Structures are given as C-alpha cells and as structure tokens.
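A.B. asks: I have a structure here, written as structure tokens, and I will follow up with some questions on it.
The values are calculated or read from the model by the stated rules, or taken from the named source; none is laboratory data. Model, not experiment: these values are computed from the prediction. Ideal geometry is used to build each Cβ from the backbone, glycine not excepted, and the neighbour counts take in all protein chains shown.
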C-alpha cells in the first residue's frame, strides 16, 4: 500500500512515517524546501517537495496513493504571525483534503488535537463531551478546532476522513521539540524550579503512530478517536522524570496569577522586543489552567489502541534528547 504523510518532519508525523516504512508500506513524505528531515533520514521514505498550502503540490504527491495521513500543523503556543498559524492549520487542511479527493485517495486520517475536546465539566472528556468554544484560548487551539470542523464537514460530504485526537505524546524524534517535549528537556536542563497545579494525558508517541494506522484500517469516517493513555498531574510527570533521571523534581507550587504575570512579562520582552519565542508563552499558561484529562475508551475498544507504559516513553525521550546532543545546545 502506498501512503502519503504530511508533517513527516515533525514529531507525530516522523514517528508515524517511520513506523509505516518499517511495516512495509510505500511511504511518501511531503517536505517543504529547507525543512529539517532528521526524523526520516536514513530510511526508505520517499521525500516529495511540496507545501500543504499549495494544493497542486499535494495532489501531485498523493497521485497513486491509497492512503493519506495529514499530520502537518503549526503546533506552537506563540508565533510572530498568528495568522500564519491559522492559514497553516485551517487553510492547509482544506487544501490537503481537497487534493486528496481530487487524487482519489481511498482513506484519509486527519491529525487533530485533544484541545478540541470539552473540558468545562472537570470530568475526563471523551469524544462526545460538549465543547464550550470560549475555552479555546489562543491561535493554536482555535485554528485546530476550525480545521477539525473542515475535516468533519468533508467527511459528512462523503470524503473518507477519520479524525484522531492525540493527547500529549512523548518519545524519540521530537526534533523541534514540541511543547510537551520542551517540558522534558527543560527538566533535564534544570530549568523548572517550580510547578503549577495542572495536569494532562500522557501517551507514548509510538502508540499514537499505531493509533493512526489503526484508524486508517478500522476507523469510521466522520468519527473522532482520542489517542491517549494515562492522566497525570504536572507534579506526577516531574516525579516520574525524577525517578528516571535521578534529578530532583521541583518542590514549590506557584499560583496561576504569578505564572501568568511572568508570562506576560516574558512575552513583552522576548516576544515583542526580541522577536523570539518566550520561554513562558501566555497561550501555554492559558491551556494549562485546567487539567486536560480524557477517557480513551473509544479508541481502545474500536481501534485497539495500545497502552504502553508512559514511563518507558519518557525514558526513551530522555535518552533521545541526551544522545542527540540537546543538553549541549539551546532548544530550538
């Protein structure tokens, strides 16, 4: 089977493309010129030049493919140009799905995010939990919600699109790194002196990659599937990292108002004056204000989503960052 993967130079897309290739698929990767291809170097994955905002280039890359995984996205809680985040996530998704339809692709998996779930009740969210749109803080969450609606609308029109919603994946090949990977990396560098009262759902990135493949095989078009594993507090995450590395977890919990104030100050200096990504992005603080706990039962029952120990995934992330020299240079 021949498949096209967008976002194969990223964290989820790179792990997915490698897994597909190892499993015997013919894998094409849509690559923007100048992209860092570390995640797929040394494999038999076929790089194809293109851009998700260029519909024709995606259509050319998708010709002859039976499957398409659209993983490409602007996954960031800060950007010099928030409009670019919207264009990449929303317009790019529309262009990819239109191109897949024109190319006659048989099955499409769209990578959304757990951020489109409803967390207002405080109970673990699932695919049917109502979403209060007022909770969609920042360009990333708003754009991914709109992009997911584009995918679901196309599915309602008959395009065979399955939506997957990864939680917070951890593991190797987090080249950029992602916001979750940066938490791990900052812990390793001793840059987390305190923590806030928050939580998330952690999952092995290899399970997320498997979930994508299972969604293509078993998922129902127009359905959403949360790809996650275990709900943990932020302090529990740091405790696990401490047990893996021997480093001391932070002991002091800071109130949200203080972290928010520090975030705005950091954004003013680093973002507005220096033009570079703040270490404490305000949008990230807003996302973390309420624990993002979920129930993954649907993906486990209907797809067979694996549930590998997240402690192993965290150890793999630690080893990968260490072996690849991330502790000796500034995070990208």
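A.B. asks: Determine whether residue 152 is modelled with pLDDT of 90 or more, over 22 Å from residue 230 (Cα atoms), part of a loop (DSSP other than H, G, I, E, B) and in contact with a strand residue (DSSP E or B) (Cβ under 8 Å, 6 or more places away or on another chain). Break it down into steps so the answer makes sense when it comes.
C.D. replies: Working: modelled with pLDDT of 90 or more: yes; over 22 Å from residue 230 (Cα atoms): yes; part of a loop (DSSP other than H, G, I, E, B): no; in contact with a strand residue (DSSP E or B) (Cβ under 8 Å, 6 or more places away or on another chain): yes.
No: the conditions fail for residue 152.
A.B. asks: Still on this structure, please answer the following. On the basis of being buried (at least 20 other Cβ atoms within 10 Å of the Cβ) and more than 14 Å from the chain's Cα centre (by Cα), does residue 125 make the cut?
C.D. replies: Working: buried (at least 20 other Cβ atoms within 10 Å of the Cβ): yes; more than 14 Å from the chain's Cα centre (by Cα): yes.
Taking the combined requirement at face value, the residue satisfies it.
A.B. asks: Only residues that are surrounded by 22 or more Cβ atoms within 10 Å (Cβ to Cβ) and over 14 Å from the mean Cα position of the chain (by Cα): list them for the range 151-182, please.
C.D. replies: 151, 154, 161, 162, listed by residue number.
A.B. asks: May I pose another question? Looking at the structure I just gave you, is residue 131 modelled with pLDDT under 95 and farther than 22 Å from residue 219 by Cβ? It would help to see each step written out before you state the result.
C.D. replies: Details: modelled with pLDDT under 95: yes; farther than 22 Å from residue 219 by Cβ: no.
No; evaluated as a whole, the condition is false for this residue.
A.B. asks: Somewhere in the range 84-97, is a residue in contact with a helix residue (DSSP H, G or I) (Cβ under 9 Å, 6 or more places away or on another chain), surrounded by fewer than 24 Cβ atoms within 10 Å (Cβ to Cβ), touching a residue at least 12 places away in the same chain (Cβ under 8 Å) and under 14 Å from residue 2 (Cα atoms)?
C.D. replies: no
A.B. asks: Checking residue 235 against (1) assigned to a loop (DSSP other than H, G, I, E, B); (2) modelled with pLDDT under 95, which test does it fail?
C.D. replies: (1)
A.B. asks: What about residue 105, is it in contact with a strand residue (DSSP E or B) (Cβ under 9 Å, 6 or more places away or on another chain), closer than 18 Å to residue 162 by Cβ and in a loop (DSSP other than H, G, I, E, B)? Quick ask: steps written out before the conclusion?
C.D. replies: Details: in contact with a strand residue (DSSP E or B) (Cβ under 9 Å, 6 or more places away or on another chain): yes; closer than 18 Å to residue 162 by Cβ: yes; in a loop (DSSP other than H, G, I, E, B): yes.
So residue 105 passes the test.
A.B. asks: Which ones in the range 11-29 are in a loop (DSSP other than H, G, I, E, B) and either crowded, with 22+ Cβ neighbours inside 10 Å or touching a helix residue (DSSP H, G or I) at 6+ places or on another chain (Cβ under 8 Å) (or both)?
C.D. replies: Step one: list which residues in the range 11-29 are in a loop (DSSP other than H, G, I, E, B), which gives 23-25.
Selection gives 23 alone.
A.B. asks: Could you figure out which of (1) part of a helix (DSSP H, G or I); (2) at pLDDT 95 or above; (3) in contact with a strand residue (DSSP E or B) (Cβ under 6 Å, 6 or more places away or on another chain) isn't true of residue 180?
C.D. replies: Condition not satisfied by residue 180: (2).
A.B. asks: Checking residue 16 against (1) more than 25 Å from residue 179 (Cα to Cα); (2) touching a residue at least 60 places away in the same chain (Cβ under 8 Å), which test does it fail?
C.D. replies: Looking at each condition in turn, residue 16 falls short on (1).
A.B. asks: Looking only at the range 208-229, which residues are closer than 20 Å to residue 118 by Cβ and surrounded by fewer than 21 Cβ atoms within 10 Å (Cβ to Cβ)?
C.D. replies: Selection gives 222, 223.
A.B. asks: Applying the selection to the range 128-140, what residues are surrounded by 12 or more Cβ atoms within 10 Å (Cβ to Cβ) and not in a loop (DSSP other than H, G, I, E, B)? Even if it seems obvious, please write down each step before you answer.
C.D. replies: Residues of the range 128-140 that are surrounded by 12 or more Cβ atoms within 10 Å (Cβ to Cβ), as a first pass: 129, 131, 135-140.
Once the filter is applied, which keeps residues that are surrounded by 12 or more Cβ atoms within 10 Å (Cβ to Cβ) and not in a loop (DSSP other than H, G, I, E, B), the range 128-140 yields 135, 138, 139, 140.
A.B. asks: Looking at (1) touching a strand residue (DSSP E or B) at 6+ places or on another chain (Cβ under 8 Å); (2) at pLDDT 95 or above; (3) within 24 Å of residue 186 (Cβ to Cβ), find the lone condition where residue 247 falls short.
C.D. replies: Here residue 247 clears every test but (1).
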